[in-house]
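Here's the structure we're looking at; comments come further down.
Quick note: the coordinates plus some simple rules give every number you see, no bench work behind them. Small disclaimer: the values here were computed from a predicted structure and weren't measured. When we count neighbours, we look across all protein chains shown, and the Cβ atoms used for this are built from the backbone with ideal geometry, even at glycine.
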């Protein structure tokens, strides 16, 4: 067992360690001023998360093994290769570590740091200016004290990073991980005195509700399996169903004191009546109304933002950035579709595909809406456009076959008017 003294690391020690690691890294690739600024922010964030990991370790008597110390030391030094190598030991950027005894409240600090390096820096660093076009509009619409449900990787990791570094005082919660009781333990340690979060007992009640929903048919039985030892969640849809229950409890118990903002991961249907477009993301509020004014503001924002993105020299050649912005627009298109605002939904879907014509979610959600409207020819055109742009690497084969199958099926039907 590591003692508190053994795991205490001073800022001076960290600074010396960072210098020594950087000296041993060999020649570093030259970075632009914006890249330098962002990398410095990552290193500051890594140091903050290392300190948080140690505080959680002390509070709950949870040991931090040497491998985790080395991981944080590499992250603080800005040594990307050592971070990636060290991260593999505990599961990379997955929300659940490979090692059973690391499944505790400490792990979220590792997960967030690894996510910043792997899912943000590695994929966006060549075009750091694009990062600003992601996080600045989101931070600008959220007043201090807001609760942000992050969804996609940049929506979780980038926003947590910049909230911390910029001192925006936002409560960043990953909707994807709320089915994990250890993540909630982490959130309670960080935010527990400022916002309502489920206790272990309340989380157990939420899980009982999840079981009741399966038995009642409100959640498909294929998403979970009943075993002698209890219930096993089988897939991402089951996990998100549980996440949806927990997000509802957090919303209901905080909505009178805090504003909520939402960057959708998987669809959580309970939220749709409470959502309205808000820049790149959506606002979650009991008084949500998608008025003509809200629609006009949304359309003007996205028209302008797409132009800004397309003016960036690196945007066209950055698949991660293109997909990230396309997914944000797709989520808002889905909200319009829910409210049967099909014209607005179609515009938003088309904008998403302009941002990234290879986006499978944008393509298939748009196609699904068109099929429901009986617009067979338009659906076929959308799918054919996707096949024109979709990369033909092995990981994409199943999606390409699915699009081809739908085209064949729809082409065999009588033409739509």
Report task. With springs only between Cα atoms under 10 Å apart, run a GNM on the chain and tell me which of 351, 43, 232 wobbles the most. Result -> 232
Report task. Can you tell me the order of 77-85, 321-329, 241-249 when each peptide is scored by its average per-residue count of other Cβ atoms within 10 angstrom, highest first? Result -> 321-329, 241-249, 77-85
Query raised in the report: When the chain is treated as a GNM, springs tying every alpha-carbon pair under 10 Å, which of 185, 296, 108 comes out with the largest mean-square fluctuation?
Result: 296
Query raised in the report: Under the definition of Cα pairs under 8 Å and six or more residues apart, what whole-number percent is the relative contact order of the chain?
Result: 11
Report task. Please report how far the C-alpha centroid of the stretch 250-270 lies from that of the stretch 356-404, rounded to the nearest whole angstrom. Result -> 30
Requested in this report: Report the FRET efficiency, 1/(1 + (r/R0)^6), for residue 267 and residue 227, where r is their Cβ-Cβ distance and R0 is 41 Å, rounded to 0.05.
Outcome: 0.90
Query raised in the report: How far is helix 376-389 tilted off the main Cα axis of the chain, in degrees rounded to 10, range 0 to 90?
Result: 40
Requested in this report: Could you work out how far helix 128-141 tilts from the main Cα principal axis of the chain, as a 0 to 90 degree angle to the nearest 10?
Outcome: 80
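Give me Rg over Rh for the chain, both radii from the alpha carbons and Rh done the Kirkwood way, two decimal places. Please report the intermediate quantities before stating the final value.
Values: Rg = 22.5 Å, Rh = 23.1 Å.
So for the chain, dividing Rg by the Kirkwood Rh gives 0.98.
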Requested in this report: Express in nm, to one decimal, how much length is gained between residue 60 and residue 310 on full extension, taking 0.36 nm for each residue of separation and deducting their alpha carbon distance.
Outcome: 85.1 nm
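So how many Å³ per residue does the convex hull of the Cα atoms of the stretch 118-213 work out to?
Numbers: hull volume 11.2 nm³, N = 96.
Normalising the Cα hull of the stretch 118-213 by residue number yields 116 Å³.
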Report summary line: All alpha-carbon distances of the stretch 313-417, grouped into 10 Å bins from 0, give the whole-percent distribution 16, 45, 32, 7, 0
Query raised in the report: Starting at 0 and stepping by 10 Å, how many percent of the alpha carbon pairs of the stretch 33-118 end up in each bin?
Result: 19, 54, 23, 4, 0
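Does the stretch 254-383 classify as rounded, prolate or oblate by the C-alpha gyration tensor (a ≥ b ≥ c root eigenvalues; a/c under 1.5 gives rounded; else a/b over b/c gives prolate, otherwise oblate)? Show your work: numbers first, answer last.
Numbers: a/c = 1.81, a/b = 1.23, b/c = 1.47.
Cα axes put the stretch 254-383 in the oblate bin.
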Report summary line: For the chain, the longest principal axis of the Cα atoms and the Cα long axis of helix 33-60 enclose an angle in degrees, to the nearest 10, of 70
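Relative contact order of the stretch 292-411: what whole-number percent is it, with Cα pairs under 8 angstrom and at least 6 residues apart? Let's see the in-between values first.
Working: 96 pairs, mean separation 21.5, N = 120.
Answer for the stretch 292-411 is 18 percent.
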Requested in this report: Report the label-to-label distance for residue 126 and residue 361 in nanometres (one decimal), using points 7 Å from each Cα along the Cα→Cβ vector.
Outcome: 2.3
